[in-house]
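The values are calculated or read from the model by the stated rules, or taken from the named source; none is laboratory data. Quick caveat: nothing in here was measured; it's all calculated off a predicted structure. Glycine also receives a Cβ, built like all others from the backbone with ideal geometry; neighbour counts cover every protein chain displayed. For the accessible areas, the whole protein counts, side chains as well, though only heavy atoms, and no ligand, DNA or RNA atoms are used. Shrake-Rupley method; radii C 1.70, N 1.55, O 1.52, S 1.80 Å.
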Amino acid sequence: ERAGEPCTIKNLHKMSAKALQFTDEFMCQAWGGTAKELYDCGMELSRPDRERIVVKVPVTATGVEGAALLVRANCRVCLTASYNHKQALIAANVGAEYIAPYLGRMTDAGKDGAAECFKMQEIIQGIEADTRVLVASIRDCQTMIDLAAEGMETFTFSPAV
């Protein structure tokens, strides 16, 4: 919406079709107040290409329930807005493809955001899960290098970084 685009399923289908001409995957956030609403929204968002569209769902009790439904329906899922390393175990248990900790926001809140991400990676590797840590809100290159040295390979960051 900040870009002047309506946040509708129809418009997200249009944007995903454009983006998928240039990349292998597209992530978009599901919305809804119940697990069923998140599931229905996620299924509709991913309908054009379930192999390449990843549905983001927040790591809340309702979100985890919705994510489990989506995973059972063979939908790719990213549990997002993660602020605690213990949530990596939840993501792996649900079968989410990604867990997305917000490193910069954790650091802003007084936590050691990098340490939380390192611990997530350690948990996922320790239980030999397929879940990947997608580190979001990275604010400098050195942090990305430090994360990569610990085995993380998936990041989001601003063009300024």
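Quick one: pull the percent of accessible area on the chain belonging to carbon and sulfur, 1.4 Å probe, ligands and nucleic acids left out.
Details: 4540 of 8770 Å².
Summing carbon and sulfur atoms, their accessible area is 52 percent of the total for the chain.
Percentage of Cα-Cα pair distances in the chain greater than 20 Å, rounded to whole percent? Show your work: numbers first, answer last.
On the way: 6568 of 12880 pairs.
That tail contains 51 percent of the Cα-Cα pairs.
For the range 64-161, with every protein chain kept in place, what is the accessible area per residue (1.4 Å probe, Å²)? All intermediate terms of the calculation are to be shown ahead of the outcome.
Numbers: 4920 Å² over 98 residues.
Per-residue value: 50 Å².
Once the piece of chain linking ASN93 and ALA148 is laid out straight, how much longer is it, given 0.36 nm per residue of separation minus the C-alpha distance between them? Provide the component values of the computation, followed by the final result.
Numbers: separation 55, 0.36 × 55 = 19.80 nm, distance 2.37 nm.
Extra length from ASN93 to ALA148 when fully extended: 17.4 nm.
HN-Hα J couplings of the range 153-161 from phi, Karplus 6.51/-1.76/1.60, θ = phi - 60°, integer Hz, Gly and Pro as x?
Going residue by residue, I get 9, 10, 9, 10, 7, 7, x, 5, 6 Hz, with x marking Gly and Pro.
Considering only C-alpha atoms, what is the centroid distance from the range 92-146 to the range 7-79, in Å?
21
Under a 5 Å amide H to amide H cut-off, with H placed in plane at 1.01 Å, what residues pair with GLN29 once short-range neighbours are removed?
Residues meeting the amide H criterion: LYS56.
Taking only pairs that are 8 or more places apart or on different chains, how many Lys pairs in the chain have Cα atoms under 25 angstrom apart?
For the chain, the number of qualifying lysine pairs is 14.
Sorted by average packing, counted as other Cβ atoms within 10 angstrom per residue and highest first, what order do 78-88, 126-136 take? Mind dumping the intermediate values first?
Details: 78-88: 21.5, 126-136: 18.2.
Put in order of decreasing packing, that is 78-88, 126-136.
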